[in-house]
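Below you'll find the structure, written out as structure tokens, and then a few comments.
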Amino acid sequence: MFRQPSRLDALLADAQNAVQTVAGRPQAERPNPGNGEADLVLDAPERRHAAGLMRINHVGEVCAQALYLGQAAVARDAATRSHLLHAAQEETDHLAWCADRLRELDSGPSLFNPLWYAGSYAIGALAGLRGDGWNLGFVVETERQVEAHLDEHLQELPVADARSRAILQTMKADESRHADAAQAAGARKLPFPIPAVMTAASWLMKTVAYRM
Ligand SMILES: [Fe+2]
Ligand SMILES: [Fe+2]
């Protein structure tokens with residue numbers, strides 16, 4: 001017998017995603033863009049630096065998953081909810097690719113991923129409670145900020161790290177598309193000081209995640 005998914009079903013699905021994102025091994029639907037590039041040998045400082053940057057990008061994707069699911073949990077309109085869930089699905093590819101590259105660089109994800117996830121889920125739900133225009137505005141701001149830091153990382157990566165660079169280039173194109181789609185779906189421009197607070201939070205995340 002078919003029944004409508006309940007609030008509890010949705011919460012359980014979110015909890016399952018949280019565990020899978022933080023402790024599991026999420027599977028990408030698309031092939032890893034880095035696989036087409038040669039795996040050149042990096043010296044130890046280069047490898048550490050590349051791993052620090054890719055760990056930041058991995059945390060960014062953990063946060064994206066959590067934000068979008070937190071927002072979807074409180075979205076009022078079914079179209080907004082499905083927009084958010086679809087965006088979260090695409091972020092899973094990014095998450096898996098960054099995790100693959102971290103392993104290749106003999107490194108691993110941030111120790112604080114459970115914290116980043118929980119904080120981002122709460123922020124997403126709070127933003128979503130303000131209404132669907134805000135919800136989509138939050139997606140636009142998040143994606144634009146991620147796009148800007150991907151640009152920085154594309155400059156900062158060691159020249160020889162073509163595999164990480166290919167991953168970030170594909171992610172940047174995806175994030176830009178996510179922002180445009182949310183804009184087209186009716187995003188509101190977030191008022192001051194929210195974008196500034198988001199920039200400060202992401203600065204903190206980047207500073208910590210580069211190291212551990
Ligand atoms: Fe992403
Ligand atoms: Fe995105």
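Values quoted throughout were computed directly from the atomic coordinates according to the rules given, and no laboratory measurement underlies them. These numbers come from a predicted model, not from an experiment. Methodologically, a virtual Cβ is constructed for each residue, glycine included, from the backbone with ideal geometry; neighbour enumeration extends over all protein chains shown.
Things worth noting here:
- Dipole size of the range 110-212 about its Cα centre, with +1 on Lys/Arg Cβ and -1 on Asp/Glu Cβ: approximately 180 debye, rounded to the nearest 20.
- Cα long-axis angle, helix 132-156 against the chain (0 to 90 degrees, to the nearest 10): 0
- Helical runs assigned H by DSSP (4 residues or longer) give the chain a calculated mean residue ellipticity at 222 nm of -26000 deg cm²/dmol, each run adding -39500 (n - 2.57) before division by the residue total.
- Ranked list, fewest to most other Cβ atoms within 10 Å of each Cβ, for Ser176, Ser6, Ser164: Ser6, Ser176, Ser164
- Placing +1 on the Cβ of every Lys and Arg and -1 on the Cβ of every Asp and Glu, with nothing else charged, gives the range 41-211 a dipole about its Cα centre of roughly 420 debye.
- Once Rg and the Kirkwood radius are both taken over the C-alpha atoms of the chain, their ratio Rg/Rh works out to 0.98.
- Summing charges over neighbours of Ala73, with a neighbour being any other residue whose Cβ is under 11 Å away from its Cβ, gives +1 when K and R count +1 and D and E count -1.
- Principal-axis analysis of the Cα atoms of the chain puts helix 78-104 at an angle of about 20° to the longest axis.
- C-alpha long axis of helix 113-129 to longest principal axis of the chain, angle in °: 30
- Proximal charge balance of Val159 [Cβ under 15 Å; K/R count +1, D/E count -1]: -3
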